[in-house]
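The values are calculated or read from the model by the stated rules, or taken from the named source; none is laboratory data. The shown structure was predicted, so the numbers you read here are calculated from the model rather than taken from an experiment. Here the Cβ positions follow ideal geometry from the backbone for every residue, glycine too, while neighbour counts run over all protein chains shown.
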Amino acid sequence: MIVALAANRPPARFYRGGARIARFRGETDAASHEPEDWVGSVTTVAGHDTDGLTRLPDGRFLRDAIAADPEHWLGARHVARWGADPQLLVKLLDAGQRLPVHAHPSDAFAHTHLGRTHGKAEAWYILEGGAVYVGLREDVDPVALARLVAAQDADALLGLLHAIEVSPGDVVWVPPGELHAIGAGVFLLELQQPEDLSILLEWDGFALDGARDGHLGLGFDVALRAVNHRARTPAEIGALVRPAPASGSVFPAAADAFFRLERHRLGDGRTDAATLEAGFAIVIVTAGRAELAGVDAAAGATLLIPAAADAIPVRGSGEILVARPPHA
């Protein structure tokens, strides 16, 4: 009942990367612009019909399998609240170059202006470290911000943000509207709401037509209203970026309304076994080996667990991360 998932890398993305994903998954080849692996995805890349969708080993898209039997995959309580919507998108992301400064809309903004069910909250679990940029250092006037975007002043835009060095095992919570960028060399696991919606403030040097596509079709006068213009204090940044707990839920409580991530360390001198509670989940083996209900998985493996599987016993030595939707 546990499904091992193959890599699912949308081609020709706008930034470089992919070698770290290939290495993590034990593959030899990596295209230069395949920096994301969309894991257990029912979401398409913006502007595409099927790019981004996970295909199951039997050839079906996961999206179609869930639609055909949502209670099997998601559970009765989840379906009663959200229908066949998993409420979750998981990605591996390898920043082969620094990503542009951008933000994502909230649920309310996406519903009002785009007719979408979700905005895009996101959070990261750092697998290989480097610099990340999150939150404004000072309040910024909306008119002044719009001028920087129009001028494509990359140095000034990046300079607005807190620059933070992150290490493996750190987590970063990025609420909707928060300006952010990921530095070159960072490799991370990302949980997000299942949408591909980005407001791009910077695009020079990327394979993007930001003037055309960076504002979600709304024009920057409207799109930039989704951006938080208020500074984040050092204490607030410390709450957004922090080391993950050694076990259990790892993201700040504010993220739990959107998605959840559990960390289980096995063979660490305290335990070599765990039990995963029943419910739809995506498991990423980040180190060592794990056996989940008889399914053996090495580091780099990604597994899909339907709600119908009930509780899952796990044994092994290493670390697994378990991504889940919010509680129904």
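General observations
- Taking residues in the range 309-322 that are free of Cβ contacts under 8 Å to residues at least 40 places away in the same chain, and partners anywhere that are part of a strand (DSSP E or B) and surrounded by 20 or more Cβ atoms within 10 Å (Cβ to Cβ), the pairs with Cβ atoms closer than 7 Å and at least 6 places apart or on different chains are Ala311/Leu276.
- Only one of the listed residues (Gly238, Gly185) is farther than 20 Å from Thr117 by Cα, within 18 Å of the chain's Cα centre (by Cα) and in the same structural domain as His118 (by TED's automatic domain parsing). That residue is Gly185.
- Residue that is farthest from Gly17 (Cα to Cα), among those in the range 199-227 that are crowded, with 17+ Cβ neighbours inside 10 Å and not hydrophobic (A, V, I, L, M, F, W, C): His215
- In the range 257-305, the residues that are in a loop (DSSP other than H, G, I, E, B), in contact (Cβ under 8 Å) with a residue 40 or more places away in the chain and within 24 Å of the chain's Cα centre (by Cα): Phe258, Phe259, Ala278, Gly279, Phe280, Ala299, Gly300, Ala301
- Single match in Gly169, Gly135 (criterion: buried (at least 18 other Cβ atoms within 10 Å of the Cβ) and at positive phi): Gly135
- Among (1) in the same structural domain as Val143 (by TED's automatic domain parsing); (2) touching a helix residue (DSSP H, G or I) at 6+ places or on another chain (Cβ under 6 Å); (3) closer than 23 Å to Leu321 by Cβ - the single one Gly279 does not satisfy: (1)
- Here Gly316 passes the criteria (1) modelled with pLDDT of 95 or more; (2) small (Gly, Ala, Ser); (3) surrounded by 21 or more Cβ atoms within 10 Å (Cβ to Cβ) except the one numbered (1).
- Flag if Leu74 is closer than 16 Å to Val186 by Cα, crowded, with 16+ Cβ neighbours inside 10 Å and not hydroxyl-bearing (Ser, Thr, Tyr): no
- Criterion (in the same structural domain as Gln87 (by TED's automatic domain parsing), in contact with a His (Cβ under 9 Å, 6 or more places away or on another chain), within 25 Å of Arg77 (Cα to Cα) and at pLDDT 95 or above) met by exactly one of Ala307, Ala311, Ala323: Ala307
- Condition check for Ala254: of a type in the set (A, V, I, L, M, F, W, C) and assigned to a loop (DSSP other than H, G, I, E, B): no
- Considering Val285, Val222, Val295, the condition of being on the phi < 0 side of the Ramachandran plot, among the β-branched types (Val, Ile, Thr) and touching an Asp or Glu at 6+ places or on another chain (Cβ under 8 Å) is satisfied by Val285 alone.
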